[in-house]
Ligand code: DGL
């Protein structure tokens, strides 16, 4: 019976819907319960303790929904709260983060000069550098906080010229001058991958958790015998802590399908 339970996915907002989309495309029979904490967005500007508290409440909610596994579809939360969540839910509970799939990919690529972009909190945490250094001692790593990008994407900012200028201003920073690989250390950034590729003339590798997270999770569910046995598409549930019409409109581009967001404030 447990294998038919849903997979819980959460993010600070609707950015994690990019991860949810990968999961549903690769495992169309799995049911998803999604929680986006739009009330506290952006996590990248919040204190560590607050991020830990928000994540703890969200995990309680997803457990109440009988989730058989939880995906932390937010780099900021993965950097700051993963250990607390593991401690809270215990070793046997399946918890996935968005950083380890990127590190696996880096292991395959053998890059020499890696750039990382993410929120202030993700970059300040140094988690990516630490994990990459453990597997690739000799490569050069440069990180740059790009705090305007997630709010710009989340609010569905569409002016192509201004958008490109903001992205280019960050990417033209001298720290990222000689990189051969760029890690998109935020689950919102795959939505501007096209613009990023254009700035680099398609000459560097651009990677995010999206390339391998689906396969990785599918494999883990198989090993734990937790893949659903039923072969029909389930009705997913999408909750956010603060609902606005703009989130409702943008959610479609994040998930690539029409979706209905329900407001549920679990913090009161
Ligand atoms: N999606 C979040 C991440 O991957 C970033 C957005 C935020 O600052 O809340 O880090």
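The values are calculated or read from the model by the stated rules, or taken from the named source; none is laboratory data. Given the structure is predicted, the values throughout are model-derived calculations rather than measurements. Backbone-built Cβ (ideal geometry, glycine too); neighbour counts: all protein chains shown.
Numerical summary
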{"quantity": "Any hit, the range 223-231, residues being within 20 Å of residue 11 (Cβ to Cβ) and surrounded by 11 or more Cβ atoms within 10 Å (Cβ to Cβ)", "calculated": "no"}
{"quantity": "Residues of the range 62-84 that turn out to be crowded, with 18+ Cβ neighbours inside 10 Å and in contact with a strand residue (DSSP E or B) (Cβ under 6 Å, 6 or more places away or on another chain), as a count", "calculated": "11"}
{"quantity": "Breaking point among (1) more than 16 Å from the ligand (Cβ to nearest atom); (2) surrounded by 15 or more Cβ atoms within 10 Å (Cβ to Cβ), for residue 140", "calculated": "(2)"}
{"quantity": "The range 151-176, subset crowded, with 18+ Cβ neighbours inside 10 Å and in contact with a helix residue (DSSP H, G or I) (Cβ under 6 Å, 6 or more places away or on another chain), residue nearest to residue 194 (Cα to Cα)", "calculated": "167"}
{"quantity": "Answer from 210, 221, 243, 226 - the residue that is at pLDDT below 95 and within 23 Å of residue 65 (Cα to Cα)", "calculated": "243"}
{"quantity": "Residue list for the range 100-122, restricted to those being within 10 Å of the ligand (Cβ to nearest atom) and crowded, with 22+ Cβ neighbours inside 10 Å", "calculated": "118, 119, 121, 122"}
{"quantity": "Residue in the range 244-251 that is over 13 Å from residue 26 (Cβ atoms), outside any helix (DSSP H, G or I), in contact (Cβ under 8 Å) with a residue 12 or more places away in the chain and in contact with a strand residue (DSSP E or B) (Cβ under 8 Å, 6 or more places away or on another chain) present", "calculated": "no"}
{"quantity": "Matching residues, the range 1-28, being in contact (Cβ under 8 Å) with a residue 24 or more places away in the chain and surrounded by fewer than 17 Cβ atoms within 10 Å (Cβ to Cβ)", "calculated": "2, 3, 4, 25, 26, 28"}
